Amino acid sequence: QVQLVESGGGLVQAGGSLRLSCAASGSIFSINDMGWYRQAPGKQRELVATMTRTGSTNYADSVKGRFTISRDNANNTVNLEMNSLNSEDTAVYYCNAYILKSDWRWGDYWGKGTLVTVSS
């Protein structure tokens, strides 16, 4: 059993900042890619930012220079620091992790999501 739990979502004014956190727990042997996706109403889920186990990052063009992903492998956590938020950032943000479980099976896991609302 593996679980991802997000936290840190909420309401923020345009131009403000917010920090999201995600913790993975369960029968985990290792985690490869870990990161964040988001889904706005009426839109498909899209990549926001991911990081490999060794620190390589991938950002959506729309968030480059504004968002920063960080990761703590020892605690199986990933964070997303979001700055200069605008209305286009309003969405449910989902934590995602590609995990090798203790039974040596790989799985793609998702959190339940945390809502970020940017008001103008």
Leaving out ligands and nucleic acids, and using a 1.4 Å probe, what accessible area per residue does the stretch 51-105 come to in Å²? 53 Å²
Along the Cα→Cβ direction, 7 angstrom out, place labels at Arg19 and Val5. What is the inter-label distance in nm? 1.9 nm
Sorting Tyr98, Tyr93 by accessible area (1.4 Å probe), largest first, what list results? Tyr98, Tyr93
If R0 is 30 Å, what FRET efficiency do you get for Gln44 and Asp72 from their C-beta distance, rounded to 0.05? 0.55
Give me the percent of the accessible area of the stretch 1-66 that comes from carbon and sulfur atoms, probe 1.4 Å, all protein chains in place. 45 percent
Between Asn86 and Trp110, what is the FRET efficiency for a Förster distance of 25 Å, r being their Cβ-Cβ separation, to the nearest 0.05? 0.50
Quarter of the Cα convex hull surface for the chain, i.e. its orientation-mean projected area (nm²): 7.0 nm²
Candidates Leu80, Leu18, Leu100, ranked by Gaussian network fluctuation over the chain, Cα under 10 Å, top entry: Leu100
If I model a spin label as a point 7 Å beyond the Cα along the Cα-Cβ vector, how far apart are those points for Thr52 and Lys101 in nm? 2.5 nm
Residue-wise HN-Hα coupling along the stretch 38-45, computed from phi with Karplus coefficients 6.51, -1.76, 1.60 (Hz; x: Gly, Pro): 9, 9, 8, x, x, 10, 6, 5
Env charge @ Glu81, Cβ radius under 10 Å, K,R +1 / D,E -1, value +2
Any idea what the dipole of the chain comes to, in debye rounded to 20, about its Cα centre with Lys/Arg Cβ at +1 and Asp/Glu Cβ at -1? 80 debye
For the stretch 78-120 the mean separation of alpha carbon contacts under 8 Å (6+ apart) over residue count, i.e. relative contact order in percent, is 45 percent
Accessible area in the full protein assembly, largest first, 1.4 Å probe, for Arg45, Arg71, Arg53: Arg53, Arg45, Arg71
Scoring only Lys, Arg, Asp and Glu (+1, +1, -1, -1) among other residues with Cβ under 15 Å from the Cβ of Gln44 yields +1
With the dipole of the stretch 1-72 worked out from charges on the C-beta (+1 for Lys and Arg, -1 for Asp and Glu) around the Cα centre, which of Cys22, Thr54, Gly8 lies farthest toward the positive end? Gly8
List the relative contact order of the chain as a percent without decimals, with contacts defined as Cα pairs under 8 Å and 6+ residues apart. 37 percent
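The values are calculated or read from the model by the stated rules, or taken from the named source; none is laboratory data. Just so we're clear, the structure is a prediction, and the values are computed from it rather than from any experiment. Virtual Cβ from ideal backbone geometry, glycine too; neighbours counted across all protein chains shown. Heavy atoms of the whole protein, side chains included, go into the accessibility calculation; ligands, DNA and RNA do not. Shrake-Rupley method; radii C 1.70, N 1.55, O 1.52, S 1.80 Å.
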